[in-house]
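Have a look at the structure below before the remarks.
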Amino acid sequence: MSELLELDREHVWHPYSPMPGTSRPLLVESARGVRLQLAGGTELVDGMSSWWAAIHGYRHPVLDRAVREQVDRMSHVMFGGLTHEPAIRLATRLAGLTSLPHVFLADSGSVSVEVAIKMCLQYWRCTGQPAKRRLLTWRGGYHGDTWHPMSVCDPEGGMHHLWRGVLPEQIHADAPPTEHRGSYVDHLAGLIAEHAAELAAVIVEPVVQGAGGMRFHSPRYLRDLRELCDEHDVLLIFDEIATGFGRTGELFAADHAGVRPDVLCLGKALTGGYLTMAATLCTGRIAAGIPALAHGPTFMGNPLAAAVANASLDVLLDQDWRGEVKRIEAALRTGLEPARGLPGVVDVRVLGAIGVVQLGRQVDLARATEVAVRHGVWLRPFRDLIYTMPPYITGDDDLARITAAVIAAAQEG
Ligand SMILES: *Cc1c(COP(=O)(O)O)cnc(C)c1O
């Protein structure tokens, strides 16, 4: 085990980490249900769903079977000139669920955001308005780590200063307040009106901003954005890579407001956390304006990923997912409430199966991780945030364990 970790430190990049590594990652040997099994025998309850993805937990029998059956047919074929049932079924189902008829199956969330932006830019180029090529977003967002997505991440959290002069400069509105405020709508309206001639699209995460700061905002802002975009002929992109598939209590976060975007990005939980796949969906108007979309990744529409995504949708939609998310929401509210009184805690917020404790200081990551592990829980805090989005199958005892670990990490971490 120590030999493997030594090789890991020497050769393997981890997210947002230096090389060679300075922190010691935990070595996972297997996972089942909501538990990660570490080398050495320790078991941890996963409070992170492997970054929003593993909504049904690990080694779910239906998902496992879907992957095995697909391996026995084909693991991959190119998507240029060929097609296959898993991708056709998946695209058709996603179109039905979102009322967006056209689906591009990309290979990661960041790429799906690139594709969304490319769709919008290409649409305006091909319909005679090439000046419309900039994007507007609000601060506090996160849209991925490749180039254009980075340009619409929060300028500070996304370290725009590191990239000044090379990153496309987009228009950043203030971060959305939690409550609906007319003054903030005026702020958005002013920016959109001022820049309409050069704006291709507005891109936001609806209702919950994830990796940019785990902030929640009123769904009414989505209706405001829809109206403003329509008024000024600007396209609207919703990035639901984190919020999609029930996490916020609605199947898609935009459903809290009943708003349909022009372009939608899905990812993370799309395959139940099994394989990397994301989707960019758009309206008929956009597809009709683009002669041929200039994008085509090697692993586009990967059959294994599409098959397990179909199985994940079966499992999700065949159960009372809304009831499960409500149950988790109630447990997180009860379990995290005591954090409100702790010194150093500035906010506790819960929405759907998402629970957040915000501190008035940076979390000591190594220490907070150690405290959570001592409580038998896997958490991955960032900045001033200790948060959890557990798999939907997490039982009440394990939820109590997770919230106790979050509170302990907030106290000691
Ligand atoms: C994770 C995430 C992305 C990026 O997805 P990757 O699969 O990591 O490339 C983009 N947008 C949002 C909202 C995300 O949460």
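The values are calculated or read from the model by the stated rules, or taken from the named source; none is laboratory data. Everything numeric in this text was worked out from a predicted model, so none of it was measured. Note that we place each Cβ from the backbone using ideal geometry, even for glycine, and neighbour counts take in every protein chain shown.
At pLDDT 95 or above and in contact with a Pro (Cβ under 6 Å, 6 or more places away or on another chain), is that true of VAL113?
Taking the combined requirement at face value, the residue satisfies it.
Any idea which of (1) of a type outside the set (Ser, Thr, Tyr); (2) surrounded by fewer than 21 Cβ atoms within 10 Å (Cβ to Cβ); (3) at pLDDT 95 or above is the one CYS153 doesn't satisfy?
(2)
Could you say which residue among THR283, THR271 is of a type in the set (Ser, Thr, Tyr) and more than 21 Å from the chain's Cα centre (by Cα)?
Of THR283, THR271, the one residue that is of a type in the set (Ser, Thr, Tyr) and more than 21 Å from the chain's Cα centre (by Cα) is THR283.
Considering only residues of region 93-116 that are part of a helix (DSSP H, G or I), aliphatic (A, V, I, L, M) and under 17 Å from the mean Cα position of the chain (by Cα), which is farthest from the ligand (Cβ to nearest atom)?
The extreme case among them is LEU94.
Farther than 22 Å from LEU228 by Cβ, in a loop (DSSP other than H, G, I, E, B), more than 11 Å from the ligand (Cβ to nearest atom) and modelled with pLDDT of 95 or more: which single residue out of GLY140, GLY128 fits that description?
The match here is GLY128.
Give GLY323, GLY413 a once-over and let me know the one that is out of contact with any Phe, Trp or Tyr (no Cβ under 6 Å at 6 or more places or on another chain) and more than 20 Å from TRP52 (Cα to Cα).
Within the list GLY323, GLY413, the selection yields GLY413.
If you go through region 380-387 one residue at a time, do you hit one that is of a type outside the set (A, V, I, L, M, F, W, C) and either in a helix (DSSP H, G or I) or without any contact (Cβ under 8 Å) to a residue 60 or more places away in the chain (or both)?
yes
When ALA311 is evaluated against the numbered criteria (1) surrounded by 21 or more Cβ atoms within 10 Å (Cβ to Cβ); (2) in a loop (DSSP other than H, G, I, E, B); (3) under 21 Å from the mean Cα position of the chain (by Cα), which criterion, by number, is the only one it fails?
(2)
Take TRP163 and tell me if it is within 16 Å of the ligand (Cβ to nearest atom), at pLDDT below 95 and surrounded by fewer than 17 Cβ atoms within 10 Å (Cβ to Cβ).
Taking the combined requirement at face value, the residue does not satisfy it.
Being under 20 Å from ARG133 (Cα atoms) and not acidic (Asp, Glu) is the filter here, so list the residues in region 157-179 that pass it.
HIS160, TRP163, ARG164, GLY165, VAL166, LEU167, PRO168, GLN170, ILE171, HIS172, ALA173
Which of the helices (runs of 4 or more DSSP H) contained wholly in region 1-88 include at least 3 residues that are more than 16 Å from the ligand (Cβ to nearest atom)?
Helices (runs of 4 or more DSSP H) meeting the threshold: 2-11, 61-71.
Restricting region 143-154 to residues that are closer than 15 Å to GLN209 by Cα and in a helix (DSSP H, G or I), which is farthest from the ligand (Cβ to nearest atom)?
In this case the residue turns out to be MET150.
Which numbered condition in (1) touching a Ser or Thr at 6+ places or on another chain (Cβ under 8 Å); (2) surrounded by 20 or more Cβ atoms within 10 Å (Cβ to Cβ) is the only one that ASP107 fails?
Here ASP107 meets the rest and fails (2).
Cβ contacts < 7 Å: first residue without any contact (Cβ under 8 Å) to a residue 60 or more places away in the chain, restricted to region 208-225; second residue in a loop (DSSP other than H, G, I, E, B) and aliphatic (A, V, I, L, M), any location; separation 6+ or different chain. Result?
Every condition considered, the pairs that remain are HIS217/VAL207; PRO219/VAL207; PRO219/ALA257; ARG220/ALA257; LEU222/ALA257; LEU222/VAL259; ARG223/ALA257; ARG223/VAL259.
Within region 225-260, how many residues turn out to be more than 18 Å from the chain's Cα centre (by Cα) and either under 14 Å from ILE203 (Cβ atoms) or surrounded by 20 or more Cβ atoms within 10 Å (Cβ to Cβ) (or both)?
Result for region 225-260: 7.
Which count do you get for residues in region 242-263 that are over 25 Å from GLY323 (Cβ atoms) and within 16 Å of the ligand (Cβ to nearest atom)?
Total satisfying the criteria: 2.
Kindly evaluate TRP51 against the criterion of being out of contact with any strand residue (DSSP E or B) (no Cβ under 9 Å at 6 or more places or on another chain) and either touching a residue at least 24 places away in the same chain (Cβ under 8 Å) or closer than 23 Å to HIS375 by Cβ (or both).
yes
Does region 117-125 include one or more residues that are in a helix (DSSP H, G or I), charged (D, E, K, R), within 17 Å of ALA278 (Cβ to Cβ) and modelled with pLDDT of 95 or more?
yes
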